[in-house]
Amino acid sequence: MNEQLREVVKGLFARDEVEVVVSLKLNEGCVAPHMYSKEDDLSSMVHSPKYPIGIVVSMIQKKYPDTKIGVVIRGCDERILIELAKRNQVNLDNIVLVGIACTEEDAKDCLCETPFPTKIDIGEKVEGITTDENIEKISQMDMDERFDYWMGQFDKCMKCYGCVYACPTCICENCILEEDMWVKTGELPPEFPSFHLIRAYHSTDRCVDCHECERACPAHIPLVTLYRMIRKDVEDMFGYKIGTDVNEKPPLVTVLEEEG
Amino acid sequence: MTDFEPNILAFCCNWCSYAAADLAGIGRMKQPTNVKIVRVMCSGRVKPEFVIKALADGVDGVLILGCHIGDCHYVSGNHRTKKRFEIFSKLLGHMGIDPRRIRLDWASAAEAIEFAKIITDFTETIKELGPNNYAGKHERATA
Ligand code: SF4
Ligand code: SF4
Ligand code: SF4
Ligand code: FES
């Protein structure tokens, strides 16, 4: 698949569709995002592991707003770019996407509902995973059981802010979770789950299900389970599907008549 | 539970619900005294974070009262309040915090009777639910 990826990227350069391509580079056994230009040797370009490349693209575009950029993406990366575009963090007009379909294994790993981008250049599309045992388990519980379940989880939280910093769609310059007013700092474990309630509420119109927060969490708290439960409600109540249409405004900023 | 006197916070918007509260007071309407009012310019000012803070600080129930839809003095402030709290209530439920502890409702400046009724009903609900003991109520995970 790496060979195929390099061929596609070569094609983009040959047809002058892009000036640079942002992808992953294998360097002495480590993989990191890299910006390739036409003259570069593409033999170090790889497509794995998954990496939230959207945030890198946003950094590049802030410095070079007019450069045509090719970006190698997976399903979640496309959703990230769309949500970032809605919030003026990236400009999709100057981006050409190279889409990779994830494997079944990837999809299972992420419990991913849509493990492919809209346009697939590399790989075969596999079915998404639509069941989540954890959600089913929690849905069966009564209020007290749920609270105990979550507090059992949040008790492990050491407020490292890993989830916040890893999240590609958490883009606030000043995160209110760092303000004493809303979340008592220097207090562990939390008496009341303010931190997690606020973070979950902030995820309602932007969580793209990329699992970066959970991967970053040293305490293995099933954060995405909670975000997923609330995102399902947002879909049901407002028909709003995160990360699909760049022109669709988040339901929390629109008025009632514009719903949908 | 009968002795329990809940501590309730109500966010009222300046133009409708606060005026309704005022009118209910002037009219000497009978209503429970458990509610403390915070006046805001518009119900749209009330973020769920305010409610989270109130619950974290031990308040037993939170009311958010604004103008009826269509009557908001900032045109669509309460549209956002409505959507926000619909979602937020669901979130509380998923976390195991009884969503009946928060209520969003509307009262126009003339609706003193309705205002008193909201206060009375809500106080009853919270009395039934009992005190907010979310902080510290659960068994600490030992691992
Ligand atoms: S979240 Fe989905 S799209 Fe993203 S890497 Fe995982 S399986 Fe692929
Ligand atoms: S899954 Fe986690 S990291 Fe990814 S968008 Fe949602 S909250 Fe952010
Ligand atoms: S990454 Fe995990 S431990 Fe760190 S703040 Fe987030 S939830 Fe807490
Ligand atoms: S002014 Fe009353 S809800 Fe906006």
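The values are calculated or read from the model by the stated rules, or taken from the named source; none is laboratory data. Remember, it's a predicted structure, so these values are computed and weren't measured experimentally. Positions of Cβ are generated from backbone atoms using ideal geometry, with glycine treated the same way; all protein chains shown enter the neighbour counts.
Structure summary
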quantity	calculated
Residue that is surrounded by the fewest Cβ atoms within 10 Å (Cβ to Cβ) [pool: residues in the stretch A:104-120 that are more than 22 Å from residue A:216 (Cα to Cα) and either in the same structural domain as residue A:243 (by TED's automatic domain parsing) or in contact (Cβ under 8 Å) with a residue 24 or more places away in the chain (or both)]	A:118
Residue under evaluation residue B:74, criteria (1) without any contact (Cβ under 8 Å) to a residue 40 or more places away in the chain; (2) in a helix (DSSP H, G or I), criterion not met	(2)
Hits in the stretch B:51-78 - residues which are within 8 Å of another protein chain (Cβ to nearest Cβ) and surrounded by 22 or more Cβ atoms within 10 Å (Cβ to Cβ)	B:52, B:55
Answer residue from the stretch A:121-158, given it is surrounded by 15 or more Cβ atoms within 10 Å (Cβ to Cβ), β-branched (Val, Ile, Thr) and more than 12 Å from chain B (Cβ to nearest Cβ) and is farthest from ligand 4 (Cβ to nearest atom) among those	A:122
Scan of the stretch A:231-250 for residues that are among the hydrophobic types (A, V, I, L, M, F, W, C), within 16 Å of the chain's Cα centre (by Cα) and either within 16 Å of ligand 1 (Cβ to nearest atom) or outside any loop (DSSP other than H, G, I, E, B) (or both), ordered by number	A:242
Test: residue in the stretch A:182-200 that is in contact (Cβ under 8 Å) with a residue 60 or more places away in the chain and more than 12 Å from ligand 3 (Cβ to nearest atom)	no
Selected residue (criterion: nearest to residue A:86 (Cα to Cα)) from residues of the stretch A:145-172 that are within 16 Å of ligand 1 (Cβ to nearest atom) and part of a helix (DSSP H, G or I)	A:166
Members of the stretch A:201-218 that are in contact with a Cys (Cβ under 6 Å, 6 or more places away or on another chain), in a loop (DSSP other than H, G, I, E, B) and within 9 Å of ligand 3 (Cβ to nearest atom)	A:217
Options A:153, A:140: the member that is without any contact (Cβ under 8 Å) to a residue 12 or more places away in the chain, polar (S, T, N, Q) and not assigned by TED's automatic domain parsing to the domain that holds residue A:83	A:140
The stretch A:178-214, residues that are more than 10 Å from ligand 2 (Cβ to nearest atom), among the aliphatic types (A, V, I, L, M) and at the interface with chain B (Cβ under 8 Å from one of its Cβ atoms)	A:181, A:197, A:198
Among the residues listed as A:222, A:190, the single one being surrounded by fewer than 21 Cβ atoms within 10 Å (Cβ to Cβ) and within 25 Å of residue A:53 (Cα to Cα)	A:222
Some residue of the stretch B:39-50 being more than 14 Å from chain A (Cβ to nearest Cβ), surrounded by 15 or more Cβ atoms within 10 Å (Cβ to Cβ) and either within 16 Å of ligand 4 (Cβ to nearest atom) or under 12 Å from the mean Cα position of the chain (by Cα) (or both)	yes
Residue match in the stretch A:179-189 (condition: closer than 22 Å to residue B:54 by Cβ and in contact with a Phe, Trp or Tyr (Cβ under 8 Å, 6 or more places away or on another chain))	yes
